[in-house]
Amino acid sequence: MGNIGFYYMLIVVMVIWMAIKVGRDSTGMGIATFLFWPIAIIPLITNWGRRDNDIRLQFLVVSVATVLLMNSAVKVVTENAALIYSPDDIEQIRAEDPAFAAEIEREQLRALGVEIVVEEGPAGMATAAVAPTASVDSRGEAEPVFSAAPAQIRKVPLGELNFRRGQVRLAPAYARLNVPEHFRFVARHQLGLLAEIRQIEIDERTLGWLVHERVDLRSPQFWFVDVQFHDAGHLAAPAAEGTVPAGLGWDPQAQIASFSRISTDAAKGQDQATAKLLRHGALVFRVPELAKDQLELGLRAARLMATQVESDSGWSYADFSGVESGQSLLQWVEAFATQAEARVLAEREDGAG
């Protein structure tokens, strides 16, 4: 940026000098040179070698400085191109191209002075570490720099949430969700403040939340649908209707299972959930911590979301061919209903936790 400022100043000084020298012979051409210096090519030729009006030196300096200015500007834009993407932009890009989204995030860290170091771990496994770079002061001594990696889940103010309607791509599931009318989708990276208000930590498999437009998000008891993808492989469906146990609803045509489970904190109620089976796992819609009078609402909402899923070509449950995961749908549901949930805590924007 310092070079750009110097080139600008040099160009301005040289252009003014050219305009003065040209103006001695023609006032109109001098003004034109000041307003659009490339036109000085005319007096450059006509005044060539004339002592008081020769502008060869000034024209050469302006030309070289302009080239250097353009080169520096392109370099700055190129090196900092990743900074133009907001977290919401990156999440939308990730839905179509996860590798490109990851590259943008790495470039943003580098622009902020954070270096990504890849180290070889046990058994040849690579692990990534974030190493902040140090700046150097005027005395040549290194100054301590703290550059925390941006949190994956941010506490976005309610007024700044990016609600998505229409069709939302759920990249890990290779599927799309047609968000029902009156509902809004909030992507995972924005859920920090909502999770804090609701006093619910975010499961590591969560893709986002669906909230009804009439729900007061400032209420500590607002209800929502948690959208998760479980990479469980191809789950074997019940062989016959009589093999489905009580408490499990199974729609063989839509490949949707409905079930309930006690919330992590039993005192807070019960979860209602549906699982849309896909070729490589289950897309789960869970309405957590419901009171008894809310169970029917939660079940209907979860089922509604599951029916709005469109899998990508070749990724539906029926498209599978190969070896089963070794786990049946019934076994997976039983494990899901009893397992302790893995949690991811939201961090503040400043990385302080």
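Is it the case, given these coordinates, that Asp231 is surrounded by fewer than 14 Cβ atoms within 10 Å (Cβ to Cβ), free of Cβ contacts under 8 Å to residues at least 60 places away in the same chain and within 19 Å of Glu324 (Cβ to Cβ)? Considered against the rule, which asks whether it is surrounded by fewer than 14 Cβ atoms within 10 Å (Cβ to Cβ), free of Cβ contacts under 8 Å to residues at least 60 places away in the same chain and within 19 Å of Glu324 (Cβ to Cβ), Asp231 comes out as yes. In the set (1) under 14 Å from Ala282 (Cβ atoms); (2) surrounded by 20 or more Cβ atoms within 10 Å (Cβ to Cβ); (3) among the small types (Gly, Ala, Ser), Ala237 fails one condition alone, (2). For region 233-257, taking the residues that are under 14 Å from Thr307 (Cβ atoms) and among the small types (Gly, Ala, Ser), the one that is modelled with the lowest pLDDT is identified as Gly249. Assess whether Ala302 counts as being more than 17 Å from Pro180 (Cβ to Cβ) and either small (Gly, Ala, Ser) or assigned to a loop (DSSP other than H, G, I, E, B) (or both). When the stated conditions are applied, Ala302 does not pass them. When region 195-236 is filtered for residues that are in a strand (DSSP E or B), in contact with a helix residue (DSSP H, G or I) (Cβ under 8 Å, 6 or more places away or on another chain) and within 28 Å of Asp319 (Cβ to Cβ), the ones remaining, listed by number, are Thr206, Leu207, Gly208, Leu210, Val225, Val227, Phe229, His230, Ala236.
Report whether or not Ser321 is assigned by TED's automatic domain parsing to the domain that holds Ile256 and buried (at least 16 other Cβ atoms within 10 Å of the Cβ). No: the conditions fail for Ser321. Somewhere in region 263-272, is a residue among the hydroxyl-bearing types (Ser, Thr, Tyr) and either touching a residue at least 40 places away in the same chain (Cβ under 8 Å) or outside the structural domain of Arg176 (by TED's automatic domain parsing) (or both)? Checked region 263-272: at least one residue is among the hydroxyl-bearing types (Ser, Thr, Tyr) and either touching a residue at least 40 places away in the same chain (Cβ under 8 Å) or outside the structural domain of Arg176 (by TED's automatic domain parsing) (or both).
The values are calculated or read from the model by the stated rules, or taken from the named source; none is laboratory data. Keep in mind it's a predicted model, so treat the numbers as computed, not measured. A quick note on method: Cβ atoms are made from the backbone with ideal geometry, for glycine too, and the neighbour counts reach across all protein chains shown.
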